[in-house]
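No lab work stands behind these numbers, since they all come straight from the coordinates. The structure presented is a predicted model; accordingly, all values stated were derived computationally and were not measured. Cβ atoms come from the backbone with ideal geometry, glycine included; neighbour counts cover every protein chain shown.
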Amino acid sequence: MTRDFLFLALALLACTPPADPASEEWARIAEMERDWRSLPGESRLDARQQWLDELRSFVENHPEHAAAALRYDDEEADFAIQLAANGRYAEAVEHFESVLSRNPEHGTARRGLETARRFAGRDEAFFSSLVRGDSPEAVSQKVGLPRSGWTRKIANNELWYYELTDGRTLAVRFVDGSFRSLEFPAPAQGSATD
């Protein structure tokens, strides 16, 4: 009896169709998504980039999955928004343009691209709109936020660092919570004195 059962089990296994490689790949991508969503800060952005690369690869390998292609566009646009929110405007521009190359009508990417381009092309003149006494909120509206980790607070001074298009670094100095001055080149760490 056991021998008959073993033959029956083997026969059933032989008749079972192989698992869909696309669904196995999709399950792996879903697991990667859960992983990156559980991470904090910058490491989350890096892990999300890896996940997006895997999602892009899936879309390229499985063009029949139209829903995955739409999801990829939405996720890449959202990732670009996160990059911009972290002051990484040039990278955000690349991702918004990538989405628009596939989906020219993508509203989020179109709107995000305008803002990211404005802040990505910062030169010295770009900061001329700042007025002594501007709040940090007003400064961020005019020139955008610095990259994550590109701020320093020492006593009543706060410095926001920006990389200019020519590669130099500029510091926006706040004293007691209001804009005081622009500094070229940016002062070194620990030298935030008025």
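Data for the structure
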item	result
Relative contact order [Cα under 8 Å, 6+ residues apart], segment 136-180, whole percent	32 percent
Loop trypsin sites (Lys or Arg not before Pro), segment 96-147 (other Cβ atoms within 10 Å of the site Cβ: 13 or fewer; DSSP)	Arg132
Cα gyration tensor shape for segment 114-186, rounded if a/c is under 1.5, else prolate or oblate	prolate
12 Å beta-carbon shell around Glu75, net charge (K/R +1, D/E -1)	-3
Segment 59-194, relative contact order in percent, only Cα pairs under 8 angstrom and at least six apart counted	17 percent
